[in-house]
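J.: Below you'll find the structure I mean.
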């Protein structure tokens with residue numbers, strides 16, 4: 001199996017619990033946690049597909065937007081009311097952009113980069129995703145912007 005090794009970040013315990021939960025409930029649109037290596041890097045299953053960086057927000061087809069909208073909905077449904085939601089409505093990806101999904105047959109399929117995932121309301125995650133997909137993705141990509149820090153899973 002192909003895998004990706006990423007440096008350790010403070011969010012790992014919470015993200016690892018989330019990824020394990022997603023695997024346990026059969027959510028197939030997130031990387032699989034394979035463990036950590038002797039250098040304390042996390043090992044994640046490789047997300048097959050194509051990464052798109054050549055997009056403009058206005059270029060998405062209705063099928064692509066529909067597929068993109070289904071991904072956070074599935075994540076939210078898979079985590080709503082669970083321990084990983086920490087008493088919040090659900091777990092939000094918090095950076096669901098065209099840069100954080102792989103495209104399979106031209107459609108967004110698996111998501112990755114869950115390092116900013118945290119409990120929260122669906123509406124916040126959806127509003128930010130809509131901005132990235134429909135209005136602001138060109139700006140975010142061009143400027144390399146990152147959102148200001150939000151508490152991550154497991155952070156006090």
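The values are calculated or read from the model by the stated rules, or taken from the named source; none is laboratory data. In this text the structure is predicted, and so the values were computed from the model without any measurement. Glycine gets a Cβ as well: all are built from the backbone with ideal geometry, and neighbour counts include every protein chain shown.
J.: Considering only region 103-112, state which residues are surrounded by fewer than 18 Cβ atoms within 10 Å (Cβ to Cβ) and closer than 18 Å to residue 32 by Cβ.
T.: Selection gives 104 alone.
J.: Show the residue pairs that are 6+ apart or on different chains and have beta-carbon atoms under 6 Å apart, the first residue being within region 91-102 and at negative phi and free of Cβ contacts under 8 Å to residues at least 24 places away in the same chain, the second being part of a loop (DSSP other than H, G, I, E, B) and surrounded by fewer than 24 Cβ atoms within 10 Å (Cβ to Cβ).
T.: Hits for this filter: 100/112; 100/113.
J.: Moving on to the next point. I'd like to check something: does region 127-140 contain any residue that is in contact with a strand residue (DSSP E or B) (Cβ under 8 Å, 6 or more places away or on another chain), at pLDDT below 90, buried (at least 17 other Cβ atoms within 10 Å of the Cβ) and farther than 18 Å from residue 27 by Cα? Walk me through it before giving the result.
T.: The initial filter retains those residues of region 127-140 that are in contact with a strand residue (DSSP E or B) (Cβ under 8 Å, 6 or more places away or on another chain), namely none.
No, there is no match, as no residue in region 127-140 is in contact with a strand residue (DSSP E or B) (Cβ under 8 Å, 6 or more places away or on another chain), at pLDDT below 90, buried (at least 17 other Cβ atoms within 10 Å of the Cβ) and farther than 18 Å from residue 27 by Cα.
J.: On to the next question. In region 27-55, how many residues are in a loop (DSSP other than H, G, I, E, B), closer than 16 Å to residue 113 by Cα and touching a strand residue (DSSP E or B) at 6+ places or on another chain (Cβ under 8 Å)? Spell out how you get there, then give the answer.
T.: The first filter runs over region 27-55 and keeps only residues in a loop (DSSP other than H, G, I, E, B), leaving 27-32, 37-41, 46-49, 51-55.
Within this subset, residues satisfying the condition of being closer than 16 Å to residue 113 by Cα are 27-32, 41, 46-49, 51-53.
Filter once more, so that each one left must be touching a strand residue (DSSP E or B) at 6+ places or on another chain (Cβ under 8 Å): 28-32, 41, 46-49, 51-52.
Going through region 27-55 one residue at a time, the tally reaches 12.
Conditions tested, residue by residue: (1) assigned to a helix (DSSP H, G or I); (2) more than 20 Å from residue 27 (Cβ to Cβ); (3) touching a helix residue (DSSP H, G or I) at 6+ places or on another chain (Cβ under 6 Å).
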{"position": "66", "(1), (2), (3)": "yes, no, no"}
{"position": "69", "(1), (2), (3)": "yes, no, no"}
{"position": "73", "(1), (2), (3)": "yes, no, no"}
{"position": "81", "(1), (2), (3)": "no, no, no"}
{"position": "87", "(1), (2), (3)": "no, yes, no"}
{"position": "91", "(1), (2), (3)": "no, no, yes"}
{"position": "96", "(1), (2), (3)": "no, no, yes"}
{"position": "109", "(1), (2), (3)": "no, no, no"}
{"position": "113", "(1), (2), (3)": "no, no, yes"}
